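Chemist: Below is the structure I would like to discuss, written out as structure tokens.
The values are calculated or read from the model by the stated rules, or taken from the named source; none is laboratory data. Predicted model, so just to flag it, every value in this text is computed and none were measured. FYI the Cβ positions are ideal-geometry reconstructions off the backbone, even for glycines, and counts take in every protein chain you see. With ligands, DNA and RNA removed, areas are computed over all heavy atoms of the protein, side chains included. Shrake-Rupley method; radii C 1.70, N 1.55, O 1.52, S 1.80 Å.
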Amino acid sequence: MSDQKPRTKLVHAGTRRSQYGEVSEAIFLTQGFVYENAEQAEARFIEAGDDEFVYARYGNPTVRMFEDRIAQLEGVEDAFATASGMAAVNAALCAPLKAGDHVVAARALFGSCEYVLSEVLTRFGVEVDFVDGTDLAAWKAAIRPDTKLVFFEALSNPTLEVIDIKGVSELAHAVGALVVVDNVFATPVFQRSLDLGADVIVYSATKHIDGQGRVLGGVVLGTKDFIRKVLEPYIKHTGGAMSPFTAWVLLKGLETLDLRCRAQAQNAIALAQALEGHEKLASVIFPGLPSHPQHTLAQAQMEQPGTVVSFELKGGRPAAFAFLNALEIALISNNLGDAKTIATHPATTTHQRLSDEKKAMLGIAPGLIRFSLGIEDAGDLVADVMQALDRA
Ligand SMILES: *Cc1c(COP(=O)(O)O)cnc(C)c1O
């Protein structure tokens, strides 16, 4: 049944029914599992079969349902779910790397991803070089024969740079480096990063996959060899496991993921078009607009241009704050991918930690707003933004 379409897989894939035949996936809120005899316990510790579990830090039936569903959606062999998106990023980087290895990463990154690369890996003797991710020549110059891994957000936070997955993957594979892609902004619905050349995909499931602001979660996807031989030993012994309750919430999230992402993308397109050229804005950044520097690449790489629009108010921080404070529907918060529209001021919140020089280099201007579109009515959202701009 591997030819099922994504929307069918999102509802049914990976389901494990108990003897009661429940319709909604069961929450196996158990940390351990009982064995019929000592021999069975021993055998299971030597090798647990597909439907056999030993300890929830290693695996759990509800968590396995979530892993199987998203793996089938991505068309990848295996997946490991984690307690948060950062647990996924940390494991995907730490598990395959060791002291002396060389890493190349795009410089436009989620703050915590940047921290793991520049502060954690380097402390353990991994050398990390950052490049302008949109510049293939910069990747080419930075990737060396001894480069072991490249990392980037396919659509970057919050300035929505689009990275050429195919181009970067070809350069990385030429030296045998592993390509790890953080696909959060692009979403599993709109981009098939593995088909484009990525080896490993990580998601913060906290974002679109939950999509209703309830839980933290993450997942790493890749080949069975990578997930079971490289990643699993690291995660299961360092403790980043997902809770079965979280897995259940995320299974419910997956059921409606496609519907929500498409509604959010339509709202993003409507808002970006309405905002372009607005007199109070210095810029509108959205890969779906022809004015976006990587518009053509985005069209080739993504089915839809994503669910986030970023824009810069001309009046800097005072105007940005006045705008946020005037919003009536959109919430001031820092999640994204939620059913509720959320507006963020990256310079003072998610990217506050960065120096002014680094913010300037990354385009995180004092007037920049990151606007994550929810599933509300497009007309209401555009009207809300317009009235808030009037008052900014
Ligand atoms: C939110 C986010 C993360 C981290 O996810 P958490 O679930 O908050 O730990 C990693 N990468 C990107 C691009 C994100 O947006």
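Chemist: Could you look through the stretch 62-104, keep only residues that are without any contact (Cβ under 8 Å) to a residue 60 or more places away in the chain and among the small types (Gly, Ala, Ser), and pick out the one that is farthest from the ligand (Cβ to nearest atom)?
Modeler: 100
Chemist: Then there's this: Test of understanding: among 195, 199, which residue is of a type in the set (D, E, K, R), over 26 Å from residue 236 (Cα atoms) and more than 16 Å from the ligand (Cβ to nearest atom)?
Modeler: 195
Chemist: Also, I was wondering about something else. So which of 260, 317 is of a type in the set (Lys, Arg), out of contact with any Pro (no Cβ under 9 Å at 6 or more places or on another chain) and away from the ligand (no atom under 16 Å from the Cβ)? Write out each step before concluding.
Modeler: Numbers: 317 fails: out of contact with any Pro (no Cβ under 9 Å at 6 or more places or on another chain).
Just a single option satisfies the conditions, and that option is 260.
Chemist: Show the residue pairs that are 6+ apart or on different chains and have beta-carbon atoms under 7 Å apart, the first residue being within the stretch 253-282 and over 30 Å from residue 316 (Cβ atoms) and touching a residue at least 40 places away in the same chain (Cβ under 8 Å), the second being among the hydroxyl-bearing types (Ser, Thr, Tyr) and surrounded by 19 or more Cβ atoms within 10 Å (Cβ to Cβ).
Modeler: 261/187; 261/307
Chemist: Which one is nearest to the ligand (Cβ to nearest atom), of the residues in the stretch 232-247 that are more than 17 Å from residue 70 (Cα to Cα) and surrounded by 20 or more Cβ atoms within 10 Å (Cβ to Cβ)?
Modeler: Ranking the qualifying residues of the stretch 232-247, first place goes to 240.
Chemist: Of all residues in the stretch 177-192, how many are open to solvent by 10 Å² or more (accessible area, probe 1.4 Å), over 15 Å from residue 70 (Cβ atoms) and more than 9 Å from the ligand (Cβ to nearest atom)?
Modeler: Looking only at that region, the number is 1.
Chemist: Tell me which strands (runs of 3 or more DSSP E) are completely within the stretch 147-243 and hold 1 or more residues being among the aromatic types (Phe, Trp, Tyr), or say none if there are none. Walk me through it before giving the result.
Modeler: Working: elements: 147-153, 178-182, 200-204, 218-222.
Strands (runs of 3 or more DSSP E) meeting the threshold: 147-153, 200-204.
Chemist: Within the stretch 326-339, take every residue that is away from the ligand (no atom under 16 Å from the Cβ) and in contact (Cβ under 8 Å) with a residue 24 or more places away in the chain and give me the one that is nearest to residue 212 (Cα to Cα).
Modeler: 339
Chemist: Do you know which of the residues in the stretch 1-26 that are of a type in the set (A, V, I, L, M) and part of a loop (DSSP other than H, G, I, E, B) is nearest to the chain's Cα centre (by Cα)?
Modeler: 13
Chemist: So, one more: Taking the residues in the stretch 157-176 that are open to solvent by less than 10 Å² (accessible area, probe 1.4 Å) and in contact with a strand residue (DSSP E or B) (Cβ under 7 Å, 6 or more places away or on another chain) as candidates, determine which candidate is nearest to the ligand (Cβ to nearest atom).
Modeler: It comes out as 158.
Chemist: Residues of the stretch 212-226 being surrounded by 22 or more Cβ atoms within 10 Å (Cβ to Cβ) and within 16 Å of the ligand (Cβ to nearest atom), which ones? Before you say what the answer is, go through the steps one by one.
Modeler: Going residue by residue through the stretch 212-226, those that are surrounded by 22 or more Cβ atoms within 10 Å (Cβ to Cβ) are 217-222, 226.
Scanning the stretch 212-226 gives 217, 218, 219, 220, 221.
Chemist: Can you report the number of residues in the stretch 340-366 which are away from the ligand (no atom under 16 Å from the Cβ) and more than 28 Å from residue 262 (Cα to Cα)?
Modeler: Total satisfying the criteria: 11.
Chemist: In the list 313, 250, 297, 254, which residue meets the criterion of being at pLDDT 95 or above, open to solvent by 30 Å² or more (accessible area, probe 1.4 Å) and among the aliphatic types (A, V, I, L, M)?
Modeler: Selected residue: 297, the only one of 313, 250, 297, 254 that is at pLDDT 95 or above, open to solvent by 30 Å² or more (accessible area, probe 1.4 Å) and among the aliphatic types (A, V, I, L, M).
Chemist: Is it fair to say residue 209 is among the hydrophobic types (A, V, I, L, M, F, W, C) and away from the ligand (no atom under 14 Å from the Cβ)?
Modeler: Taking the combined requirement at face value, the residue does not satisfy it.
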